[in-house]
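The values are calculated or read from the model by the stated rules, or taken from the named source; none is laboratory data. Values in this document were obtained by computation on a predicted structure and should not be read as measured data. Positions of Cβ are generated from backbone atoms using ideal geometry, with glycine treated the same way; all protein chains shown enter the neighbour counts.
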Amino acid sequence: MRRPYLMLLLLFPSFGYEICLVRGFAVSPDLAVERNGKSSPGPGVEKSQDHNVKTGETNALIVPGRSVGPLHLGDPESKFYALFPGGPNMDIQPPHNPDCGTQLQWVDLDESHPLSLGVIALIRKGTITQIEAGTPRFRTEHGITWGSSPTSVKEHYRGLKAYEAIGTTSEAVGGRNLIFWMDENKGIGFVFAYSRITRDWVTYKIVVFSPGGKFCPEADVPTPDTWRELAPYSLEAPDRRASLSYNKSWVH
């Protein structure tokens with residue numbers, strides 16, 4: 001799978017932070033996770049959201065198949081720039097797959113959660129077709145957000161299918177590929193990264209897409225070489241745990 005760029009490399013050993021450079025994004029997988037499997041809000045969740053983000057017109061709710069806060073599927077590309085002003089925290093990737101389109105990323109520079117991803121959107125023909133939230137600024141109706149535990153996700157979301165995104169592994173995430181728990185009928189997915197510090201999986205980002213429509217994991221079209229179905233709610237790669245056959249329904 002394509003690795004388009006390296007966005008940010010930070011190291012805070014005194015705070016026990018860990019860097020995850022998967023697809024060029026920085027994340028601290030162990031942040032805001034308790035050892036009992038429950039998620040903790042983490043720093044910055046309840047703090048001001050006016051750091052280069054215009055969120056006053058709506059709430060910060062992630063709605064499956066519809067929106068991430070004020071940004072909706074089907075919105076024009078200009079809406080992304082209006083809500084997330086450009087500057088040093090904005091990155092635009094040219095289209096590498098016509099079916100997925102151009103990738104836009106607003107990097108969350110809030111000092112209270114310095115290693116979160118921010119907001120990522122895929123744009124095709126000037127329209128937003130997929131939104132990813134990797135910051136505690138946004139959360140689902142059940143409070144699931146960046147840093148939440150898989151246990152919390154499983155508790156509130158039934159019927160999720162599990163997939164391994166092959167080729168997304170790195171030493172920074174314990175040598176594991178990213179794991180996706182998906183509900184294609186509702187248009188929501190939860191992406192998990194592995195923390196070598198806590199030896200736990202945590203929510204890396206939450207993806208919103210059109211129910212039953214096209215989905216591009218890591219901004220690419222899934223193929224048998226890059227996308228493998230696992231047992232439901234699995235967090236282990238096929239060589240660690242029994243897996244199911246590849247789900248061809250994701251290939252359009």
Condition (residue is at pLDDT below 95, surrounded by fewer than 17 Cβ atoms within 10 Å (Cβ to Cβ) and of a type in the set (D, E, K, R)) applied to the stretch 186-208: is it met by at least one residue? yes
May I ask you to verify whether Phe190 is in contact (Cβ under 8 Å) with a residue 40 or more places away in the chain, in contact with a strand residue (DSSP E or B) (Cβ under 7 Å, 6 or more places away or on another chain) and of a type outside the set (A, V, I, L, M)? yes
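Identify, please: which residue in the stretch 136-168 is in a loop (DSSP other than H, G, I, E, B) and without any contact (Cβ under 8 Å) to a residue 24 or more places away in the chain and is, among those, surrounded by the most Cβ atoms within 10 Å (Cβ to Cβ)?
Of the stretch 136-168, the ones in a loop (DSSP other than H, G, I, E, B) are 136-138, 140-149, 157-160, 166-168.
So of that shortlist, the ones also without any contact (Cβ under 8 Å) to a residue 24 or more places away in the chain come out as 142, 158.
Values: His142: 13, Arg158: 9.
Per the stated criteria, the residue is His142.
Can you spot a residue in the stretch 194-203 that is small (Gly, Ala, Ser), under 14 Å from the mean Cα position of the chain (by Cα) and in a strand (DSSP E or B)? Break it down stepwise before answering.
Taking the stretch 194-203 as the starting set, the residues that turn out to be small (Gly, Ala, Ser) are 195.
With under 14 Å from the mean Cα position of the chain (by Cα) added as a condition, the list becomes none.
No, every residue in the stretch 194-203 fails to be small (Gly, Ala, Ser), under 14 Å from the mean Cα position of the chain (by Cα) and in a strand (DSSP E or B).
Being buried (at least 20 other Cβ atoms within 10 Å of the Cβ), assigned to a loop (DSSP other than H, G, I, E, B) and either at pLDDT 95 or above or charged (D, E, K, R) (or both), is that true of even one residue in the stretch 112-135?
Restricting attention to the stretch 112-135, the residues satisfying the condition of being buried (at least 20 other Cβ atoms within 10 Å of the Cβ) are 113, 115-123, 128-135.
If we keep only those that are assigned to a loop (DSSP other than H, G, I, E, B) too, we end up with 113, 115-117, 135.
With the extra rule that they be either at pLDDT 95 or above or charged (D, E, K, R) (or both), the set shrinks to none.
For the stretch 112-135, residues buried (at least 20 other Cβ atoms within 10 Å of the Cβ), assigned to a loop (DSSP other than H, G, I, E, B) and either at pLDDT 95 or above or charged (D, E, K, R) (or both): absent.
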